[in-house]
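The values are calculated or read from the model by the stated rules, or taken from the named source; none is laboratory data. All values derive from a computational prediction rather than experimental measurement. Counting neighbours? That spans all protein chains shown, and the Cβs are built from the backbone with ideal geometry, glycine included.
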Amino acid sequence: MGTVVGWWQILWTGFIVTIKLSLICSVTTVLLAALIAIARIHPSRVVRGLGEVYADVLRSIPLLALLLFAYYGLGREAASYGITAFWLAVAAITLSESAYLSEVYRAALQAVPAGQREAAASLGLPWWRTVWLVIAPQGIAPSLPTTVNAVVGIVKGSSLASLIAISEATLVATNLVSQTFQPLGVYLTLTLMYLVILIPLSLVGKALEVRFGLARDADKNWLPRRRPLTSLTPEV
Amino acid sequence: MSTGYILKYVLQGAPTTLEIAAGAWVLGTVLGLLLALVRQPGGILGFSAASVVTVLRCVPPLVLLYVVFFGLAADGVAIPAVPAAAAALGLVEASFTAEYFRAGFLTVQSGQYDAAHSIGLSRFSAFRLVIVPQAFIFAVPPLLNSFVALLKLATIASAVGAPELLYRGQLVYEQSGQITTVVVVIILIYLLVTIPLTKAISMLEAKLQLAMR
């Protein structure tokens, strides 16, 4: 039991990096995704097209591939400007996750009734003020649950940063394994620690889904119990 | 080293990528269907199925792969990299598939259950003959989408040395040092495969929704 507590303490040093990486990535991802989503409802066809290409291309490239490309392709160059692998990971995770999240934000913006935009236009608001004051505020609430889920995805994705030599939780665990030769115990402890962080977060996401009415009959029995035939008579 | 050589070298990883994705997909679909069937609100069974789904969604796939590949190997259950990756990703996949099936079941109207009941079908037969065929159609587009996602997620298997596309790319980069060519080749392969597939699936989805209206 003592060893597990010791592991817990060692792994926690890694989790500090995981949390830091995830927090930074969450902020940058949300901002970039919002920007792309706004580009995708822009009146100009060119801007819309660029937004769509961004979302399509970056959703097609695996996150791990992006991380390795950034590390092997730009690592040396970046280091000469004082940019560490940590920030390359921030860039790769942000690029990848924002492409997914931008689709969700775009849908949320497009779901705002057209009358809102028309009313703003009739008041003489220019396009960007319409977006800023009228459309975006109405898109925030429905996209909150997915944003929380995206943060869960970012924390999970940050484990891939271990493969470009960033000492976050997963890499710390791998190093611990090479000292203790107990991969099952160490990796299960690691799993448990991820769960301790992520389960509450995903429950928050679920609660928000219920709050905003997005959960599809979360508590409905899809397979009803066998009922007496009388229940089949139409209710008056 | 010529671009052609690099392309050929990387593409030799395609069958492994497909094996991992297909294995994970089959495992995820079967397991996900089981989880969806068991996952009724109330009852110990339903609660445990819901818990399994939540837990699987909160574990990084790479960590799960390490548990399966390194963890079990240390306990004497050595699984080769490709099946280990298919198993780990299949478990991750099941947590998503379970939701697709559940959503599919929920779209079947309750009148269908009542009708099946009224003609004397048992709960199981009603389920097999009436509900599943209707629910399954709605699960098809998300299931296809998740196969595309698995093609991308399969790159994680490179971390345990499965010779899939990205791992082959790393090898040929070490031989040639031509990072730009390797990057462009891998990105193009993924773009050319995933974008048309994704567009085709969303077209199918639109058609399906139209037909069901």
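Values for this structure:
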{"item": "Leading residue by the ranking (farthest from B:T155 (Cα to Cα)) among those in the stretch B:40-78 that are within 9 Å of chain A (Cβ to nearest Cβ) and in a loop (DSSP other than H, G, I, E, B)", "result": "B:G42"}
{"item": "Those residues of the stretch B:108-122 which are surrounded by 15 or more Cβ atoms within 10 Å (Cβ to Cβ) and either touching a Cys at 6+ places or on another chain (Cβ under 9 Å) or at the interface with another protein chain (Cβ under 9 Å from one of its Cβ atoms) (or both), in sequence order", "result": "B:V108, B:Y113, B:D114, B:H117"}
{"item": "From the options B:A135, B:A103, B:A115, residue that is without any contact (Cβ under 8 Å) to a residue 40 or more places away in the chain and in contact with a Phe, Trp or Tyr (Cβ under 6 Å, 6 or more places away or on another chain)", "result": "B:A135"}
{"item": "From B:I189, B:I137, B:I179, residue being at the interface with chain A (Cβ under 9 Å from one of its Cβ atoms), more than 17 Å from B:A22 (Cα to Cα), more than 14 Å from the chain's Cα centre (by Cα) and of a type in the set (A, V, I, L, M)", "result": "B:I179"}
{"item": "So B:P80, is it more than 28 Å from A:I199 (Cα to Cα) and modelled with pLDDT of 90 or more", "result": "yes"}
{"item": "Whichever residue in the stretch A:174-188 is crowded, with 21+ Cβ neighbours inside 10 Å and more than 8 Å from chain B (Cβ to nearest Cβ) and, among such residues, is farthest from A:R211 (Cα to Cα)", "result": "A:L176"}
{"item": "Listing of helices (runs of 4 or more DSSP H) fully contained in the stretch A:1-77 that carry 1 or more residues being within 14 Å of chain B (Cβ to nearest Cβ) and free of Cβ contacts under 8 Å to residues at least 12 places away in the same chain", "result": "A:45-60, A:63-69"}
{"item": "Residue match in the stretch B:123-130 (condition: buried (at least 20 other Cβ atoms within 10 Å of the Cβ), facing chain A (nearest Cβ under 10 Å) and at negative phi)", "result": "yes"}
{"item": "Qualifying residue in the stretch A:138-146 (condition: more than 14 Å from chain B (Cβ to nearest Cβ) and farther than 26 Å from B:C58 by Cβ)", "result": "yes"}
{"item": "Residues located in the stretch A:84-105, provided they are small (G, A, S) and either surrounded by fewer than 24 Cβ atoms within 10 Å (Cβ to Cβ) or in contact with a strand residue (DSSP E or B) (Cβ under 8 Å, 6 or more places away or on another chain) (or both)", "result": "A:A85, A:A91, A:A99"}
{"item": "Check on B:I195, within 24 Å of A:D56 (Cα to Cα), surrounded by fewer than 22 Cβ atoms within 10 Å (Cβ to Cβ), in contact with an Asp or Glu (Cβ under 8 Å, 6 or more places away or on another chain) and among the aliphatic types (A, V, I, L, M)", "result": "yes"}
{"item": "Enumeration of residues in the stretch A:1-11 that are surrounded by fewer than 14 Cβ atoms within 10 Å (Cβ to Cβ) and not β-branched (V, I, T)", "result": "A:M1, A:G2, A:G6, A:Q9"}
{"item": "Given (1) touching a residue at least 40 places away in the same chain (Cβ under 8 Å); (2) surrounded by fewer than 21 Cβ atoms within 10 Å (Cβ to Cβ), index of the condition B:T17 fails", "result": "(2)"}
